[in-house]
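Report on the structure given below.
The values are calculated or read from the model by the stated rules, or taken from the named source; none is laboratory data. Small disclaimer: the values here were computed from a predicted structure and weren't measured. Here Cβ is always computed from backbone atoms with ideal geometry, including for glycine, and neighbour counts include all displayed protein chains. Note: areas computed on protein heavy atoms with side chains; ligands, DNA, RNA excluded. Shrake-Rupley method; radii C 1.70, N 1.55, O 1.52, S 1.80 Å.
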Amino acid sequence: GAYVIVSSQGSTADRVLNDRRGAMRYAMGSHPDVNDIHLDFYDRDRLARWVNRYPGVALWLREHIQEPITGWRGYSSWAFGDPTGSEYLLDDTGRIVSRQTESHQPMPVEQGIQAMRAILAEPGGVVRLIGLSGTGKTRLVQALFDARVGTHALDSVLVLYTDQGLDSPVPSAREMLNRLGATGTRSIIVVDNCNPTTHRVLAQTVSAYPEILSLITIEYDVADDEPEETQVFELEPASEKVLEEILQHLT
């Protein structure tokens, strides 16, 4: 367990912080688990520094203090009409094609999710997800951060999402990447409705911060769009089984 005190007036200078932690441990007295309990103290500056380490948390906080960043969201239900907390529906049919494989044989969705997670979990990873409209590309990207799906889900507090077609983000996706890279903030950026030209610009920006940023872009596009230094995946339409389950959830 843990016991954390947050104060808007206190100080976390080294000596004062150590004294406070010592006082907290002393207050625990002879509690049998005192050595297993994490004790800590935050002032407002230390708390702000912690928040800014996680871009998704920072966005959440800005929304709650009525100072959101235009067009940018943390992890949430990005897909249109998707209820908050809904489970991602899987089946065993091959629906995801990796353009990097010679065979281009479709793989099951969960296998494709694991492949994309492995790329994006590493700083410098760039993925492009394409497919026909309505195949569920945005919902699939949500699932990359869902611990209920497969293993090794991506960390949802690191993600920032924008829809180029609907959100008109300010700052732009390129400027956001540059800001995060310049501050050294580990981030995974999701850019929806991202055309090939913009993708190439963003991928180049990621290459300037290969130890900090990861990027996945989404677009309705089934052409031979294979930009350099990008792992391209194509999502094919859902099976009848999944469509039936979706309809059952809606009725």
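Taking into account only those residues within the stretch 1-50 that are in contact with a helix residue (DSSP H, G or I) (Cβ under 8 Å, 6 or more places away or on another chain) and part of a helix (DSSP H, G or I), which is farthest from Arg186 (Cα to Cα)? Checking each candidate, the answer is Met28.
Could you say which residue among Tyr3, Tyr54, Tyr75 is within 25 Å of the chain's Cα centre (by Cα), open to solvent by 60 Å² or more (accessible area, probe 1.4 Å) and among the hydroxyl-bearing types (Ser, Thr, Tyr)?
Details: Tyr3 fails: within 25 Å of the chain's Cα centre (by Cα); Tyr54 fails: open to solvent by 60 Å² or more (accessible area, probe 1.4 Å).
Just one listed residue meets the conditions, Tyr75.
When Ile96, Ile65 are checked against the criterion of being open to solvent by 80 Å² or more (accessible area, probe 1.4 Å) and closer than 24 Å to Asp155 by Cβ, Ile65 stands alone in meeting it. Hey, any hits in the stretch 169-184 for a residue that's within 21 Å of Ser86 (Cβ to Cβ) and in contact with a helix residue (DSSP H, G or I) (Cβ under 9 Å, 6 or more places away or on another chain)? Within the stretch 169-184, none of the residues are within 21 Å of Ser86 (Cβ to Cβ) and in contact with a helix residue (DSSP H, G or I) (Cβ under 9 Å, 6 or more places away or on another chain). Only residues that are open to solvent by 10 Å² or more (accessible area, probe 1.4 Å) and among the charged types (D, E, K, R) were counted in the stretch 107-145, giving 4. Tell me whether the stretch 102-122 contains one or more residues that are in contact (Cβ under 8 Å) with a residue 24 or more places away in the chain, part of a loop (DSSP other than H, G, I, E, B), touching a Lys or Arg at 6+ places or on another chain (Cβ under 9 Å) and under 30 Å from Gly181 (Cβ atoms). No, the stretch 102-122 contains no residue that is in contact (Cβ under 8 Å) with a residue 24 or more places away in the chain, part of a loop (DSSP other than H, G, I, E, B), touching a Lys or Arg at 6+ places or on another chain (Cβ under 9 Å) and under 30 Å from Gly181 (Cβ atoms).
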